[in-house]
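Following: one structure in structure tokens, then a few remarks.
The values are calculated or read from the model by the stated rules, or taken from the named source; none is laboratory data. Predicted model only: the values in this text are computed from it and were never measured. Counting neighbours? That spans all protein chains shown, and the Cβs are built from the backbone with ideal geometry, glycine included. SASA here: full protein model, heavy atoms, side chains in, ligands and nucleic acids out. Shrake-Rupley method; radii C 1.70, N 1.55, O 1.52, S 1.80 Å.
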Amino acid sequence: MDQLGPNALGEVLEPGRVADCYLGLLLPPGPAGEPEAGTILIVAPAALLHPAVLQPAGSLVYELLTGHPEREADELVFVADLTGELRAWPKDTWAELGIDPDQVAQAVVGCWRDGEVSGLQLDDLSFEEARSLTRPAMTYVRGQLRGRLTARLARFHRRWLHPTSGRQPGDRFL
């Protein structure tokens, strides 16, 4: 499944090495009366492998998300982060790989809306935070957002782990 090969430092991706990280996707604004552009969906990497997600695009995003040499457990990653990380490989852009990450994200969001994948919707992103999710150069704002959302995600996870949450043996958090 190694679609990218070694990067400039000779590192290779190990897909699935960190399967317990998360992908944050900016949700498009809905019809009037629904949350505005400041809404994010957080999903597990396995959502990228859903049959409704165009392949091999979904599996390549999965490979970069879960196999990056610097990825850590419970890390929240955005498509803009992956765009920056991709620059270390010889084919350094999505276009060079023939992949549209927005199309992959839309497919995952569609699967979530259809109830086929689990996800956590979080509102209250500021305009600047929402904008940082589409602009790889806005690393500082995205870093602040990641810190805030990671703390919220940890609280949701702790509640889910509580014996009264209703979870069943074998259930996955996301």
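The table that follows gives values for the structure above.
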quantity	calculated
Condition check for V77: outside any loop (DSSP other than H, G, I, E, B), open to solvent by less than 50 Å² (accessible area, probe 1.4 Å) and in contact with a helix residue (DSSP H, G or I) (Cβ under 7 Å, 6 or more places away or on another chain)	yes
Yes/no for L27 being in contact with a His (Cβ under 9 Å, 6 or more places away or on another chain) and not charged (D, E, K, R)	no
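Yes or no, residue by residue, for (1) modelled with pLDDT of 95 or more; (2) buried (at least 22 other Cβ atoms within 10 Å of the Cβ); (3) part of a loop (DSSP other than H, G, I, E, B); (4) in contact with a Lys or Arg (Cβ under 9 Å, 6 or more places away or on another chain):
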site: G10; (1), (2), (3), (4): no, no, yes, no
site: V18; (1), (2), (3), (4): no, no, yes, yes
site: P29; (1), (2), (3), (4): no, no, yes, no
site: L48; (1), (2), (3), (4): yes, yes, no, no
site: Q55; (1), (2), (3), (4): no, no, yes, no
site: E70; (1), (2), (3), (4): no, no, yes, no
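For every residue, the table says whether it meets (1) open to solvent by less than 60 Å² (accessible area, probe 1.4 Å); (2) part of a helix (DSSP H, G or I).
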site	(1), (2)
P90	no, no
E116	no, no
L125	yes, no
R135	no, no
L149	yes, yes
T164	no, yes
D171	no, no
